[in-house]
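Input: a single structure, listed below in C-alpha cells.
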Amino acid sequence: MEEKGATMATILDGKAHADRMLEEVRLQVEARLAKGLRAPALAVVLVGEDPASQVYVRNKGAACGRVGIRSLEFRLASDTPQAEVDGLIDRLNADPTVDGILVQLPLPKGLDAKRALHRISPAKDVDGFHPMNQGLLLEGLPGLRPCTPTACMSLLAHHGLALKGLRAVVLGRSEIVGKPMALMLLEQHATVTIAHSRTRDLPAVCREADLLVAAVGQPGLVEGSWVKPGAVVLDVGINRVVDLALGERIFAAEPRKLEVLRTKGAVLCGDVRFGEAMEVASAVTPVPGGVGPLTIAGLLLNTLTACEAQGR
Ligand code: NAD
C-alpha cells in the first residue's frame, strides 16, 4: 500500500497487485515449459469495431505476451451472422490447442451475447460467465470464476482485510461483477448487502459498509458522505467523463482530474468520488490503476487454471 498522508486513506495500488499476480502466472507458465508442456493458449473473439473493445483486446494480447501465454485473436465483421459466431465458438471448443475462450463484449446489435457465452465450453470459459460456472460459484465449488471479482478478492487477501463478519455492501447486481462479488464475499463469511438502482436510501445503505464495492457505471455516484469512516472502498467503475458541469460537481475534491477534463476534454473516473472518499475511508482503489489492471491478471490466471484443469 502507498501512504498518502496522515489524514488521508491509503491508495490500494491495483497495478502493483496485478504485477504480482502476473509474475505468479509467468513463473507457472515457465515451470510448465521446463517440464516439456506447452504454453496455455487464450482465444479472443472480437466482433465489430467498438473502439473500447479494440483497446481491451490489445491490452489482453500484450498481457498474454508478458507471461508467456499464447494469444489468438479472431476478428469478425460487425455484420457477422450469429451462426458464424456459433461456428467459430464450436471450432474453438473442439480445438485441443485452445485452453480458454473469451468473447469480447458488447457484441454488435443483432447478435445474442448470452447465446454466444452459453455456447463456450464451461472448461474453457475463462470469463466465468457460463451458467455452469456461475452455478459452481453459487454452490461454493471450484470452477472458473469471473475475473474482476476474483481479482478484487485477491487484492483484499493481499492486504489482509479480515472478511469474516464484516459488513460488505456491493453496489450493482450485474452477472459480471456485482452478483459474483457478493457470492465470493459471502463465501468468506462477510455479511453482504447487494444494492442497486431500485434500492431505497442508497447513501444510508452504503454508510453501513465496512467494505464498499461500487460497480454501477455511474461516474462519481458515491459521495464522500456515503462512505463510513474507516471503510475500505473498491471502485470497479470505469467511466469516461466529457461533461464539464458533471466534472465540476464530482471532481470538487480532485482538482487534477478537473484540470485533465478541462484541457483534454475527457477524463476517466470511477463510480466513487475518489478525492472525497480519500478523506473518509481507510483505503480506496483509484481509477485508473485500481481494479482495471487486476481484471486482466485474473483472466490470465483463469487461462492457466483452465489449461491445467483440462490436463494439458
Ligand atoms: P451493468 O451496467 O451490467 O450493471 C450496473 C449495475 O448498477 C446494475 O445492477 C444497476 O442496478 C446498478 N445501478 C445502475 N445505476 C445505479 C444507480 N444510480 N444507483 C444504484 N445502482 C445503480 O454494469 P457492470 O458490467 O457490472 O459494470 C459496472 C461498472 O464497472 C462499469 O463502469 C464498467 O465499465 C465497470 N467494469 C470494470 C471492470 C474492471 O475491470 N475494472 C470490469 C467490469 C466492469
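The values are calculated or read from the model by the stated rules, or taken from the named source; none is laboratory data. The shown structure was predicted, so the numbers you read here are calculated from the model rather than taken from an experiment. Here the Cβ positions follow ideal geometry from the backbone for every residue, glycine too, while neighbour counts run over all protein chains shown.
Of all the numbered requirements in (1) within 14 Å of the ligand (Cβ to nearest atom); (2) of a type outside the set (Lys, Arg); (3) touching a helix residue (DSSP H, G or I) at 6+ places or on another chain (Cβ under 8 Å); (4) more than 28 Å from PRO286 (Cβ to Cβ), HIS118 misses one, and that requirement is (1).
Filtered by the rule that a residue be farther than 26 Å from ALA63 by Cβ, of a type in the set (D, E, K, R) and touching a residue at least 12 places away in the same chain (Cβ under 8 Å), region 73-108 gives ASP79, ASP86, ASP90. The single condition among (1) surrounded by fewer than 22 Cβ atoms within 10 Å (Cβ to Cβ); (2) in a loop (DSSP other than H, G, I, E, B) that ALA157 does not meet is (2). The residues of region 30-57 that are in contact with a strand residue (DSSP E or B) (Cβ under 9 Å, 6 or more places away or on another chain) and among the charged types (D, E, K, R) amount to a single one, ARG38.
Residue-wise test of (1) of a type outside the set (A, V, I, L, M, F, W, C); (2) within 17 Å of the chain's Cα centre (by Cα); (3) within 19 Å of GLY230 (Cβ to Cβ).
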| site | (1), (2), (3) |
| --- | --- |
| ARG145 | yes, yes, no |
| ALA151 | no, yes, no |
| LEU156 | no, yes, yes |
| ALA168 | no, no, yes |
| LEU171 | no, yes, yes |
| LEU185 | no, yes, yes |
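Just name the residue that is surrounded by the fewest Cβ atoms within 10 Å (Cβ to Cβ) out of those in region 285-310 that are within 14 Å of the ligand (Cβ to nearest atom) and outside any helix (DSSP H, G or I). Ranking the qualifying residues of region 285-310, first place goes to PRO288.
Summed over region 162-177, residues that are of a type outside the set (Lys, Arg), surrounded by fewer than 23 Cβ atoms within 10 Å (Cβ to Cβ) and within 21 Å of ILE238 (Cβ to Cβ) total 3. For region 205-258, taking the residues that are of a type in the set (Lys, Arg) and in a helix (DSSP H, G or I), the one that is farthest from the ligand (Cβ to nearest atom) is identified as ARG256. Does ALA123 satisfy the condition of being small (Gly, Ala, Ser), assigned to a helix (DSSP H, G or I) and over 24 Å from ILE238 (Cα atoms)? So ALA123 fits the description; yes. Within region 160-186, restricting attention to residues that are assigned to a loop (DSSP other than H, G, I, E, B) and of a type in the set (D, E, K, R), the residue that is modelled with the lowest pLDDT is GLU175.
The one condition from (1) in contact with a Pro (Cβ under 9 Å, 6 or more places away or on another chain); (2) surrounded by fewer than 19 Cβ atoms within 10 Å (Cβ to Cβ); (3) not small (Gly, Ala, Ser) that LEU137 does not meet is (2).
Scanning region 187-199 for residues that are assigned to a loop (DSSP other than H, G, I, E, B) and either at pLDDT below 95 or within 14 Å of the ligand (Cβ to nearest atom) (or both) yields HIS196, SER197, ARG198, THR199. Taking the criterion of being part of a loop (DSSP other than H, G, I, E, B) and either crowded, with 17+ Cβ neighbours inside 10 Å or aliphatic (A, V, I, L, M) (or both), the residues of region 59-80 that qualify are GLY68, ILE69, ALA77, THR80. Within region 150-179, the set of residues being near the ligand (Cβ under 10 Å from one of its atoms) and closer than 19 Å to ALA297 by Cβ comprises ALA151, CYS152, ILE176, VAL177. For the criterion of being loosely packed, with under 14 Cβ neighbours inside 10 Å, assigned to a helix (DSSP H, G or I) and more than 21 Å from the chain's Cα centre (by Cα), LEU33 passes. Between GLY14, GLY87, the distinction of being modelled with pLDDT of 95 or more and surrounded by 14 or more Cβ atoms within 10 Å (Cβ to Cβ) belongs to GLY14 only. Look at (1) part of a loop (DSSP other than H, G, I, E, B); (2) in contact (Cβ under 8 Å) with a residue 40 or more places away in the chain; (3) surrounded by 13 or more Cβ atoms within 10 Å (Cβ to Cβ) and you find that TYR56 fails only one, number (1).
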